[in-house]
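> Here's a structure for you.
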Amino acid sequence: MIPSYIVEEGVNLLKDAGLEVVTLFDEPKEKVLEQLSDYDAILTRLTKITLYSDTLEGKTDGLKVVGVHGAGVDNIDVDKATELGIAVISTPEANAEAVAEHTIGLIIALTKHIVKTDKVTRAGGYEDRDQFVGVNLEGKKLGIVGPGGIGSRVGTKMAKAFDMEVLTYHPGEPSHTVPSEMTLTNNWEGFIKECDVISLHCPLIPQTEGMVGKEEFRMMKDDAYLINVARGPIIDEKALIEALDQGELAGAALDVYEEEPPADDNPLFEMDNVVVTPHTAWLTKETRIKMAVDSAQGIIDVLNGDQPEYIVNPEVFEG
Amino acid sequence: MKVIVESPVAKEGVELLKDEGYEVVEIYEDDPEVLLEEIGSVDAILARPTGARVTAEVLREGDRLQVVSIHGVGCENVDIDMATEEGIYVLNTPNANTEAVVEHTFGLMSNLSKRILEADRATRNGDYETRDQYIGVEMKGKTLGVIGLGRIGLEVGRRLGRACGMEVVGCDPYLGASEFPDEIEYAEDLEKIFEVSDFITVHCPLTEGTEGLIGQEELHKMKESAFLINVARGGIVDEDALVDALKEGEIRGAAIDVFKEEPPADDHPLFDLNNVIVTPHTAWLTEEARRRMSTGAAEGIITVLRGDIPEHTVNQAVCEE
């Protein structure tokens, strides 16, 4: 079952493997969930449905695998799926390049006032240009929260391109190798106080929810920039709005929000030291193909009894 | 000694001049007539390329004038030939803004390819749900064509290639194949650049030879998926042809920091296009660049007025006399 649109490269891969593919793009969420037991596999996008324990328990008799078209699995109760023997696969690498490039675009959009000056120029305000003095990134400190695939890409690119000094925060021992261009720290306070640009690349888990809040904004440099392309609730959005209002940081760029879709009157949308994109950091022609193909391949592997490359709960294959 | 500072500049440079004991007159009028009134008693002018024109008359009337020091790179506001004839140094600060322009170019490219400005406008308008429309493309693995491999072009090519995993091909009439750095593939002419590039960025000066270098025919030769970036000078790209090409989908998008006429008209046709980013000639404008330009231009004045040979002389002929 494919409840929301994916590119044909993925659909074709499933069909070529001899699977019957049912697309339910126009069916409402409730209808989709009612039918779960009838399917061996579901290939889902984060935005369409959530698979928490009440959905999974007793309603997924035939279901063997949930393929997530994306990196985050916060819409799925993975523990419950494991308990029920349902494999969960995601596509953690598919969007890494796109998100890293988006992050860089957002950083420079902020430091060089690109979004603001574009608006001013179009409105006939060319002559006000002297007001929009940017800053160079060269030699500045970039802080990466979460040295995973995306964080590491952003860090190495910015070090290579602009000779930035890159720090990366992780509370414990990271599961990825940290590239040589980045210095690992577990000192949160020092990290927040020191960095000129802070970019979030960690998953949304209980420990990261509200991780950047009032305290952090007070500690940040007044001329610091904050970028969030990870998950909205990692930042306390209300505290961010207040901090931006009071000049506790210079600006912020957000691709994700506490609530999605965000309210039309979200105060962030009125601020001119802010850049907002609609959860599109991952969205490129290349990523859509990689995600569809990777998640389809994962489903095929599970249904063939093979262990897929990007398994979230490898325990289901043990025993 | 008396120095005119013709446009507002970062205070660090002005302080250097004052520390040297010079009288500094700050006149912020874009009018050669104002310069003319003062010029008889002045030893040096610190000018911005976009400020008042340092005309032949100004240079002739400046009996004590030894040096015009440009806060920036382009010297099109100075009558260089007349300056040379009068034995007046024209200096500039060619390295001061390199970093800022390279970073801006990088920013424009990634904002174009990820459609960040379009997406920002949609989100603010409450159109979050239209997000599936904003499908970007990745820079990695694509080909970047660099036109003009001076200080900025070389840095853009080298660094973007290295940082973003792009193939880089460059073209510069003053640089032979053997002088190309390893990271940049040599293109003998622009045809090759237009044919293979997914991103084309312009970093050559505006001269008679480069005016209108990219016009209707050249835009037509580019890939339909190509992006064009111009942070060099406005006259190099034919704006009417660019507007047509963008409207008709001959190229995918463009980012423009410089215009044929500056300031551009309020109803410039580029301003109505969605697949365009426009910035108001601010690629160079950072705190660091302002500081480096201001101190660099001031140091050049001090060097000349002390009777020494300055570093960045535009009219070398003056040194040879």
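The values are calculated or read from the model by the stated rules, or taken from the named source; none is laboratory data. Note that this is a predicted model, so its numbers are computed, not measured. Note that each Cβ is placed from the backbone with ideal geometry, even for glycine, and that neighbours are counted across all protein chains shown. Quick note on the areas: whole protein, heavy atoms, side chains included, nothing else; ligands and nucleic acids left out. Shrake-Rupley method; radii C 1.70, N 1.55, O 1.52, S 1.80 Å.
> Please pick out the residue among A:His69, A:His102 that is open to solvent by 10 Å² or more (accessible area, probe 1.4 Å), within 14 Å of another protein chain (Cβ to nearest Cβ) and within 24 Å of the chain's Cα centre (by Cα).
Values: A:His102 fails: open to solvent by 10 Å² or more (accessible area, probe 1.4 Å).
Checking each option against the conditions leaves just A:His69.
> Further question: May I ask you to verify whether B:Leu65 is assigned to a helix (DSSP H, G or I) and either among the aliphatic types (A, V, I, L, M) or open to solvent by less than 20 Å² (accessible area, probe 1.4 Å) (or both)?
Spelling it out, it is not the case that B:Leu65 is assigned to a helix (DSSP H, G or I) and either among the aliphatic types (A, V, I, L, M) or open to solvent by less than 20 Å² (accessible area, probe 1.4 Å) (or both).
> In addition: Can you confirm whether the range A:140-150 contains a residue that is open to solvent by 10 Å² or more (accessible area, probe 1.4 Å), in a helix (DSSP H, G or I) and more than 7 Å from chain B (Cβ to nearest Cβ)?
Yes, the range A:140-150 has at least one match.
> Let me ask something additional. Tell me which residues, restricted to the range A:237-282, are more than 10 Å from chain B (Cβ to nearest Cβ) and either assigned to a strand (DSSP E or B) or closer than 29 Å to A:Arg45 by Cβ (or both).
Across the range A:237-282, the qualifying residues are A:Glu237, A:Lys238, A:Leu240, A:Ile241, A:Gly251, A:Ala252, A:Val256, A:Glu258, A:Glu259, A:Pro267.
> Taking the range B:114-128 as the region of interest, how many residues are in contact (Cβ under 8 Å) with a residue 12 or more places away in the chain and at the interface with chain A (Cβ under 7 Å from one of its Cβ atoms)?
So the answer is 4.
> Something else now. Out of the range B:219-243, which residues are acidic (Asp, Glu) and under 14 Å from B:Phe199 (Cα atoms)?
Selection gives B:Glu224 alone.
> Give B:Val276, B:Val304 a once-over and let me know the one that is closer than 20 Å to B:Val101 by Cα and of a type outside the set (Gly, Ala, Ser).
Values: B:Val304 fails: closer than 20 Å to B:Val101 by Cα.
Just a single option satisfies the conditions, and that option is B:Val276.
> Continuing with this model, one more query. Being open to solvent by 40 Å² or more (accessible area, probe 1.4 Å) and closer than 20 Å to A:Ile86 by Cα is the filter here; which residues of the range A:30-42 pass it? Quick ask: steps written out before the conclusion?
Just the residues of the range A:30-42 that are open to solvent by 40 Å² or more (accessible area, probe 1.4 Å), to begin with: A:30-31, A:34-35, A:37-38, A:40.
Matches in the range A:30-42: A:Glu34, A:Gln35, A:Ser37, A:Asp38, A:Asp40.
> Same structure again: For the range B:291-306, what are the residues that are open to solvent by less than 60 Å² (accessible area, probe 1.4 Å) and either closer than 30 Å to A:Leu110 by Cβ or not in a helix (DSSP H, G or I) (or both)?
Going residue by residue through the range B:291-306, those that are open to solvent by less than 60 Å² (accessible area, probe 1.4 Å) are B:293-298, B:300-305.
Passing the criteria: B:Met293, B:Ser294, B:Thr295, B:Gly296, B:Ala297.
> Within the range B:80-99, track down each residue that is in a helix (DSSP H, G or I) and either crowded, with 24+ Cβ neighbours inside 10 Å or of a type in the set (A, V, I, L, M) (or both). Reasoning before the result, please.
Of the residues in the range B:80-99, the ones in a helix (DSSP H, G or I) are B:80-85, B:98-99.
Those that are in a helix (DSSP H, G or I) and either crowded, with 24+ Cβ neighbours inside 10 Å or of a type in the set (A, V, I, L, M) (or both): B:Ile80, B:Met82, B:Ala83.
> Shifting gears a bit: Return yes when B:Ser110 is within 14 Å of chain A (Cβ to nearest Cβ) and open to solvent by less than 10 Å² (accessible area, probe 1.4 Å) and no when it is not.
Working: within 14 Å of chain A (Cβ to nearest Cβ): yes; open to solvent by less than 10 Å² (accessible area, probe 1.4 Å): yes.
Here the answer is yes, as B:Ser110 does meet what is asked.
> Run B:Val102 past the list (1) touching a strand residue (DSSP E or B) at 6+ places or on another chain (Cβ under 9 Å); (2) surrounded by 23 or more Cβ atoms within 10 Å (Cβ to Cβ) and report the number of the one that doesn't hold.
With respect to (1) touching a strand residue (DSSP E or B) at 6+ places or on another chain (Cβ under 9 Å); (2) surrounded by 23 or more Cβ atoms within 10 Å (Cβ to Cβ), B:Val102 is out only on (1).
> When residues of the range B:136-172 are filtered for being open to solvent by 20 Å² or more (accessible area, probe 1.4 Å) and in contact (Cβ under 8 Å) with a residue 24 or more places away in the chain, how many remain?
Within the range B:136-172, residues that are open to solvent by 20 Å² or more (accessible area, probe 1.4 Å) and in contact (Cβ under 8 Å) with a residue 24 or more places away in the chain number 14.
> Now a separate question. Restricting to the range A:221-268, give me the number of residues that are open to solvent by less than 30 Å² (accessible area, probe 1.4 Å) and out of contact with any Ser or Thr (no Cβ under 6 Å at 6 or more places or on another chain). Break it down into steps so the answer makes sense when it comes.
Step one: list which residues in the range A:221-268 are open to solvent by less than 30 Å² (accessible area, probe 1.4 Å), which gives A:224-230, A:232, A:234-235, A:237, A:239-241, A:243-244, A:249, A:251-257, A:262, A:266, A:268.
Checking which are out of contact with any Ser or Thr (no Cβ under 6 Å at 6 or more places or on another chain) leaves us with A:224-226, A:228, A:230, A:232, A:235, A:237, A:239-241, A:243-244, A:249, A:251-254, A:256-257, A:262, A:266, A:268.
Summing the residues that are open to solvent by less than 30 Å² (accessible area, probe 1.4 Å) and out of contact with any Ser or Thr (no Cβ under 6 Å at 6 or more places or on another chain) in the range A:221-268 gives 23.
> It is to be established whether one or more residues within the range B:182-205 are under 17 Å from B:Val73 (Cβ atoms), at pLDDT below 95 and open to solvent by 80 Å² or more (accessible area, probe 1.4 Å). Before the answer, list the steps.
Quick first cut of the range B:182-205, residues under 17 Å from B:Val73 (Cβ atoms) only: B:201-205.
When the remaining residues are screened for being at pLDDT below 95, the result is B:205.
Cutting the leftovers down to open to solvent by 80 Å² or more (accessible area, probe 1.4 Å) gives us B:205.
Yes: one or more hits.
> Where residues in the range B:256-276 are within 16 Å of B:Gly74 (Cα to Cα) and open to solvent by less than 20 Å² (accessible area, probe 1.4 Å), which of them is farthest from the other protein chains (Cβ to nearest Cβ)? Before the answer, list the steps.
The first filter runs over the range B:256-276 and keeps only residues within 16 Å of B:Gly74 (Cα to Cα), leaving B:257-262.
Filter once more, so that each one left must be open to solvent by less than 20 Å² (accessible area, probe 1.4 Å): B:257-259.
Values: B:Asp257: 9, B:Val258: 11, B:Phe259: 8 Å.
It comes out as B:Val258.
> Working only within the range A:48-105, note down all residues that are modelled with pLDDT under 90, touching a strand residue (DSSP E or B) at 6+ places or on another chain (Cβ under 6 Å) and in a helix (DSSP H, G or I).
Those that are modelled with pLDDT under 90, touching a strand residue (DSSP E or B) at 6+ places or on another chain (Cβ under 6 Å) and in a helix (DSSP H, G or I): none in the range A:48-105.
> To continue, here is another question. Kindly list, by first and then second residue, each pair from a residue in the range A:123-135 that is facing chain B (nearest Cβ under 7 Å) to a residue that is open to solvent by 70 Å² or more (accessible area, probe 1.4 Å), limited to pairs with Cβ atoms under 6 Å and residues at least 6 apart or on different chains.
So the pair list comes out as A:Gly124/B:Asp266; A:Val133/B:Glu287; A:Val135/B:Glu287.
> Looking at A:Arg218, is it buried (at least 22 other Cβ atoms within 10 Å of the Cβ) and basic (Lys, Arg)? Give the derivation first.
Numbers: buried (at least 22 other Cβ atoms within 10 Å of the Cβ): no; basic (Lys, Arg): yes.
In short, no.
> Now for a separate question. Take B:Leu144 and decide whether it is assigned to a strand (DSSP E or B), within 14 Å of chain A (Cβ to nearest Cβ) and either closer than 20 Å to A:Gly105 by Cβ or at pLDDT 95 or above (or both). Reasoning before the result, please.
Values: assigned to a strand (DSSP E or B): yes; within 14 Å of chain A (Cβ to nearest Cβ): yes; either closer than 20 Å to A:Gly105 by Cβ or at pLDDT 95 or above (or both): yes.
Criteria met by B:Leu144.
> For the range B:277-297, state whether one or more residues are out of contact with any Phe, Trp or Tyr (no Cβ under 8 Å at 6 or more places or on another chain), more than 13 Å from chain A (Cβ to nearest Cβ) and not small (Gly, Ala, Ser).
There is at least one residue in the range B:277-297 that is out of contact with any Phe, Trp or Tyr (no Cβ under 8 Å at 6 or more places or on another chain), more than 13 Å from chain A (Cβ to nearest Cβ) and not small (Gly, Ala, Ser).
> So which of B:Leu246, B:Leu270, B:Leu228 is more than 19 Å from B:Leu206 (Cα to Cα) and under 20 Å from the mean Cα position of the chain (by Cα)? Walk me through how you get there before you give the answer.
On the way: B:Leu246 fails: under 20 Å from the mean Cα position of the chain (by Cα); B:Leu228 fails: more than 19 Å from B:Leu206 (Cα to Cα).
Exactly one residue qualifies, and that residue is B:Leu270.
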